[in-house]
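Enquirer: One structure, as structure tokens, below. Some questions next.
The values are calculated or read from the model by the stated rules, or taken from the named source; none is laboratory data. These figures come from a predicted structure and were not determined experimentally. Cβ coordinates were reconstructed from backbone atoms using ideal geometry, including for glycine residues, and neighbour counts include every protein chain displayed. Accessible surface areas use protein heavy atoms only, side chains included; no ligands, DNA or RNA. Shrake-Rupley method; radii C 1.70, N 1.55, O 1.52, S 1.80 Å.
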Amino acid sequence: MAEFTEFFAQGMAFIGAGIAVFTGIGPGLGQGYAAGKAVEAIGRQPEAASSIRTVMITGQALAETTGLYGLIVAIILIFA
Amino acid sequence: MMEFFTELFTNPIGVYVGLSSGMKASLIITTFLIISTTIIGLRVKRMSTSDVPHGITFLAVTFVGMVNDMMKNDFLPTHWRKFSPYLVSILLFLMFANTASLFGLTAPLSNINIALGFSLIAFGSVQVAALYIKKPIQRFKDLADPHPLFLPVNLIGEMSTPFAMGLRLFGNLLSGAIIGLILYGLTSWIGIIFGAFLLHPIFDIFFGLVQAYVYFMLLTIFISMAVED
């Protein structure tokens, strides 16, 4: 019985890790939206392309944070 | 704690060997940066105003000038002289630390202790800067800004943003390290080609430098929000 609960808990932790990585959906949508808007902005103002690119990459790196939290939670569930 | 320091003074090499690989890489990078920046600084100091810097000195002068201009024009117009040396050294350390896997070291920020250490650095520097430049009474008024009821919310905000900054660095570097481990562990020689052309350029150079820039940018913005009016 003790063995069963141990394995059950481990399997549930792995399922939880799988669910936690679903946070990747949010940053994916956000980064894609930012990139699309940046393409629109470059199309409107091609001379400002370099500064638009810098701002876009900084914003995307910020938007990535929530996805990384999910990744950290998944790694903690698997290894700890 | 005490045993660690007695051990450190009696047997420094043994302490160094016992550290984790990220800590070792952090110490190596810090030593390298201390020595090289001291040499470059002495070289710049010896120059007369009519000399034209070249080589690595030129790079260093351009880099420092770029950060100084950014501080002066955009973020810290009145206090840039106090903060830009500190911010430049943070940016330099992060740039070297995040690309450390190219030199055969473990990326130091993939160790959570170092990442949370960076959170502590950000928290401490923002608080000390705010207390030193705005005196404690004005600082307290800023924290209780719209209404004194908002004080706990503002305090949580002061703590959670540096924590998030450290965790962001940790997550990025750790994901790169794990993908590298998977690739090199599961494939044979073909993994080296993928690693050389996809993995290291993307995860070490691009993401590493972008995250170094983002940490530096966020630290600048939080310091300027706490310090400037």
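Enquirer: Could you run the Debye sum over the Cα atoms of the protein assembly as shown, one equal point scatterer each and no solvent, and tell me log10 of I(q)/I(0) at q = 0.07, 0.12, 0.15 Å⁻¹, two decimals?
Expert: So the normalised log intensities are -0.36, -1.06, -1.48.
Enquirer: On the principal axes of its Cα set, how long, how wide and how thick is the range B:40-177? Give whole Å, largest value first.
Expert: 58, 41, 21
Enquirer: Now, a different point. If I take every Cα pair under 8 Å that is 6 or more residues apart in chain B, average their sequence separation and divide by the length, what percent do I get for the relative contact order?
Expert: 26 percent
Enquirer: Could you go through the range B:80-97 in sequence order and give the Karplus-derived ³J(HN,Hα) for each residue, using 6.51 cos²θ - 1.76 cosθ + 1.60 with θ = phi - 60°, rounded to whole Hz, and x for Gly and Pro?
Expert: Once rounded to whole Hz, the list reads 5, 5, 6, 9, 5, x, 4, 5, 5, 5, 4, 5, 4, 4, 5, 4, 6, 5.
Enquirer: Hey, what number do you get for chain A at 222 nm if only DSSP H runs of n ≥ 4 count, each worth -39500 (n - 2.57), divided across all residues, to the nearest 500?
Expert: After summing the helix terms and dividing by residue count, I get -29000 deg cm²/dmol.
Enquirer: Then there is this: Using a Gaussian network model of chain B whose springs link C-alpha atoms within less than 10 Å, name the residue from B:Ser188, B:Ser175, B:Ser84 with the highest mean-square fluctuation.
Expert: Top of the fluctuation ranking is B:Ser188.
Enquirer: Per DSSP helix of 4 or more residues, -39500 (n - 2.57); summed, then divided by the residues of chain B. What does that give at 222 nm, rounded to the nearest 500?
Expert: One gets -24500 deg cm²/dmol as the mean residue ellipticity at 222 nm.
Enquirer: Going by amide H atoms built from the backbone, whose H comes under 5 Å of the H on B:Ala107, apart from near neighbours?
Expert: B:Ser101
Enquirer: Still on this structure: For the range B:19-76, just say rounded, prolate or oblate: build the C-alpha gyration tensor, square-root its eigenvalues into a ≥ b ≥ c, call rounded for a/c under 1.5, and beyond that prolate if a/b exceeds b/c, oblate if not.
Expert: The shape class here is oblate.
Enquirer: Evaluate peptide B:157-165: per residue, the Cβ atoms of other protein chains within 10 Å of its Cβ; return the mean as an integer.
Expert: If you average over the peptide's residues, the count of other-chain Cβ atoms is 1.
Enquirer: What residue among B:Asn154, B:Asn11, B:Asn68 has the largest mean-square fluctuation in a Gaussian network model of chain B, using Cα springs under 10 Å?
Expert: The residue that fluctuates most here is B:Asn11.
Enquirer: In Å², and per residue, what accessible area does the protein assembly as shown have when probed at 1.4 Å with the other protein chains present?
Expert: Result: 61 Å² of accessible area for each residue.
Enquirer: Something else: Take B:Ile28, B:Ile35, B:Ile133, B:Ile223 and sort them by solvent-accessible surface of the protein heavy atoms, 1.4 Å probe, largest at the top.
Expert: Output order, biggest surface exposure first: B:Ile35, B:Ile28, B:Ile133, B:Ile223.
Enquirer: Oh, and also: Any chance you could look up the accessible area of B:Glu228 with a 1.4 Å probe, heavy atoms only, rounded to 10 Å²?
Expert: 30 Å²
Enquirer: Keeping every protein chain in place, order A:Leu71, B:Leu76 by accessible area at 1.4 Å, biggest value first, i.e. largest first.
Expert: Ranked list, largest accessible area first: A:Leu71, B:Leu76.
Enquirer: Here are some pairs, B:Lys45/B:Lys134; B:Lys72/B:Lys134; B:Lys82/B:Lys135; B:Lys45/B:Lys82; B:Lys45/B:Lys72; which of them have Cα atoms lying more than 28 Å apart in this structure?
Expert: As for pairs spanning more than 28 Å Cα to Cα, those are B:Lys45/B:Lys134.
Enquirer: Assuming a ≥ b ≥ c are the square roots of the Cα gyration tensor eigenvalues, decide whether chain A counts as rounded (a/c under 1.5), prolate (otherwise, with a/b larger than b/c) or oblate.
Expert: It comes out prolate by the Cα gyration axes.
Enquirer: With a 1.4 Å probe and all protein chains kept in place, how much accessible area does B:His200 have, in Å² rounded to the nearest 10?
Expert: Its accessible surface works out to 50 Å², give or take rounding.
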